[in-house]
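This report concerns only the one structure given below.
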Amino acid sequence: MVDGCGTAGALRRVLLPAVRPGLITVGLFAFLAAWNDFIAPLILISDSEKAPLPLAVANLRQQSMGAVDYGATEAGVVVLAVPCLLAFLLLQRHYVRGFMSGALKG
């Protein structure tokens, strides 16, 4: 405000860089919670074609009268884990900075 910066400019130039690691950390946690959600789709979705990936992987185990296809189950787990790993690897620097910003003194 002193240097001729308006409210939007102060938000963009001062506040947003200060809270960016925290926002990215919260966003990553929200993505992981939504991606790995199992209970809510299990209760709310009755059509198996609209089931999310964790529910579809669990349904793979129950398809053939007690016989478990471990290859298909492990392939489903890998497909389930890849987006989470990619999101973490792309945002790792901001993620660690967000955790460490509240852990340091001074």
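The values are calculated or read from the model by the stated rules, or taken from the named source; none is laboratory data. Remember, predicted model here, so these are calculated numbers, not experimental data. Note that we place each Cβ from the backbone using ideal geometry, even for glycine, and neighbour counts take in every protein chain shown. With ligands, DNA and RNA removed, areas are computed over all heavy atoms of the protein, side chains included. Shrake-Rupley method; radii C 1.70, N 1.55, O 1.52, S 1.80 Å.
Size of region 1-98 from its Cα atoms: along the principal axes, largest to smallest, the extents are 72, 27, 16 Å.
With a cut-off of 17 Å on the backbone N, the residues of region 12-35 near the modelled label site 7 Å out from Arg97 along Cα-Cβ are 12-29. For the chain, the mean residue ellipticity at 222 nm estimated from helices alone is -21500 deg cm²/dmol, where every DSSP H run of n ≥ 4 contributes -39500 (n - 2.57) and the total is divided by all residues, rounded to the nearest 500. Between Val68 and Leu86, the distance separating the two model label sites (each 7 Å from Cα on the Cα→Cβ line) works out to 2.8 nm.
At full extension, Asp37 and Val77 could sit 13.0 nm farther apart than now, given 0.36 nm per residue minus the alpha carbon distance. With R₀ set to 30 Å, the beta-carbon distance separating Val26 from Asp3 gives a calculated FRET efficiency near 0.50. Of Ile43, Ile24, the order by accessible heavy-atom surface (1.4 Å probe, DNA, RNA and ligands excluded), from most exposed downward, is Ile43, Ile24. Between Ala10 and Glu49, the simple label model (points 7 Å from Cα in the Cβ direction) yields a spacing of 5.5 nm.
Within the chain, the selection of entire DSSP H helices by a Cα span of 20 Å or greater along the long axis and an average Kyte-Doolittle value of at least 0.0 returns 16-35, 70-101.
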